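Accompanying notes for the structure given below.
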Amino acid sequence: MDEILKDTVKDLRLKICSGEVKSVDVAKACYKRIAEVEPKIKAFLLLNEKEALRHAAQSDDKVRSGAKCGYLEGVPIGIKDNIMIKGESMTSASKYLENYISPYDATVIEKLKTAGAVFIGRTNMDEFAMGSSTETSAFQKTANPWNTEYIPGGSSGGSAAAVCAGMVPFSLGTDTGGSIRQPAGFCGVVGFKPSYGLVSRYGACALASSFDQIGTFSRTVKDTAMLISVIAGKDYRDPVCEPTDTIDYTFGLEDADILKKLKIGIPKELSDYETDPEILKAFEESVKKLKSEGSQIVEVSVPSYKYVPALYKIIMCAEVSANIAKFDGIRYGYRSPNGKSLNDEYSKSRGESLGYEVKKRILFGTFVLGAKNYHKYYHTAQKVRTVLINDLNKAFTACDFIFSPATLQMPVKFGQQVSEECDIFTTVSNLGGLPGISVPCGFSRSGMPMGVHFTGPRLSDAKILQAARAFERVSEWDINRFPKI
Ligand code: GLN
């Protein structure tokens, strides 16, 4: 692996903008690393080598001519295959969109282009982001770079594995119920889901619209902050996007004293769940570290945690059934050659192209929205969601952040089930529209990474990044340790 790929984004950008290294050489180093490890990892669905090298050369020309460098000038990035890049395919890992070409750029892509980032390729994911292992992808299974017999987590497993294996310094993912932070935990990278509405979702393929958020993977919190500084901010094309101006999220990140000022809430309900003993031990050690750095540790209670799996399932599936309704084989995407009538055409187009998990969620979502069931399930779930949000707000009167393990379970082998409760503490941020970040904290005896997770009040994104950075500094996690693949 080329030494240049061990650099942080900040260092890479500095080296590129000072002319010390060429963006083209960095992109070539990425493709060389990909050629070495991709046969075992399978993180990418598409590699854009020609296009990427052309963009990298443009960055190098800019540097040579003395033009002002972008905030991420010449830095390579991986993009989850459910975010549109104009003129490129976007499959969402579904046969239904296998031949779909994006007609426009997602807002985040526009912003990344302006910042000078170089798109290396499209990363694998669970079909339409439905899953926790990346195994529901219609095209391939991605392996965990720390042990290729294990899953990388999901749904953004390709983006997590690509960063973990040193194929790209950072990547974008989407997170509806933990799809960034769970694979980040499983792969030992930093995974951040910003507050709902902080980053525009325009141009991202919707899963459950009231939960979905675009977010990031990187090896350090600082790199995360750099990427968020580029992609966050108002966008009139996403009606729920917060009207916030773009700010520099790296500002104040190195405040060494922040831990002394923080009240960290440990959820009382953590003991209600079966957590892997090694994860629990690593978490307890992390709490001790925060305490020894001067943070005040308090117990908080969110009694409605117990409803999270049911709430998530009901509301997410209801929104899935509405969002996936547009994939009808008529307007775009896969069209069955076997339809004998309009209804038959709809059913065959969907039947032949959508995977089992997607069909299951459409059926369940349609059921909970049915005239007879709506009040019993969907309406009740929305009411309980408000109860949960109130519980969380109450907890945040007693602490700055809720701190928990990132996942309650270690990665499993292919074909084994990830438990429904594995990512309960990450899903809660989606239900509440809150920011959440997974930060690596250590390794298990079998050499698999483990992570911790901070959740904060809505729009506390700048502060949560500071807290995560401060934790990273005391966590003894070695950012230069890469998996042997
Ligand atoms: N594992 C969750 C699910 O399958 C999360 C998905 C996501 O965040 N996209 O719904």
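Please treat every number below as a calculation from the coordinates, not as lab data. Keep in mind it's a predicted model, so treat the numbers as computed, not measured. As a convention, Cβ positions derive from the backbone with ideal geometry for all residues, glycine included, and neighbour counts pool all protein chains shown.
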(message) For the condition over 25 Å from residue 214 (Cβ atoms), assigned to a helix (DSSP H, G or I) and basic (Lys, Arg), what is the one hit in 13, 64?
(response) 64
(request) Give 95, 113 a once-over and let me know the one that is surrounded by fewer than 19 Cβ atoms within 10 Å (Cβ to Cβ) and either within 17 Å of residue 216 (Cα to Cα) or under 18 Å from the mean Cα position of the chain (by Cα) (or both). (result) 113
(request) Keeping to the range 145-165, report how many residues are out of contact with any Ser or Thr (no Cβ under 7 Å at 6 or more places or on another chain), farther than 25 Å from residue 420 by Cβ and either of a type in the set (Val, Ile, Thr) or within 16 Å of the ligand (Cβ to nearest atom) (or both). (result) 1
(message) Where the second residue is part of a strand (DSSP E or B) and within 16 Å of the ligand (Cβ to nearest atom) and the first is closer than 17 Å to residue 12 by Cα and among the basic types (Lys, Arg) and lies in the range 163-186, which pairs have Cβ atoms under 6 Å and are six or more apart or on separate chains?
(response) none
(message) Just to be sure before I move on: is residue 228 surrounded by fewer than 24 Cβ atoms within 10 Å (Cβ to Cβ), aliphatic (A, V, I, L, M), away from the ligand (no atom under 12 Å from the Cβ) and in contact (Cβ under 8 Å) with a residue 40 or more places away in the chain in the structure I sent?
(response) no
(request) Go through the range 362-480 and tell me which helices (runs of 4 or more DSSP H), entirely inside it, have 3 or more residues that are under 20 Å from the mean Cα position of the chain (by Cα) and buried (at least 16 other Cβ atoms within 10 Å of the Cβ). (result) 424-432, 461-474
(request) Take residue 464 and decide whether it is in contact with a Phe, Trp or Tyr (Cβ under 6 Å, 6 or more places away or on another chain), under 30 Å from residue 251 (Cα atoms) and of a type outside the set (Asp, Glu). (result) yes
(request) Within the range 117-140, track down each residue that is away from the ligand (no atom under 16 Å from the Cβ), surrounded by fewer than 24 Cβ atoms within 10 Å (Cβ to Cβ) and of a type outside the set (A, V, I, L, M, F, W, C). (result) 140
(message) Please pick out the residue among 347, 286, 271, 301 that is of a type in the set (S, T, N, Q), crowded, with 19+ Cβ neighbours inside 10 Å and away from the ligand (no atom under 16 Å from the Cβ).
(response) 286
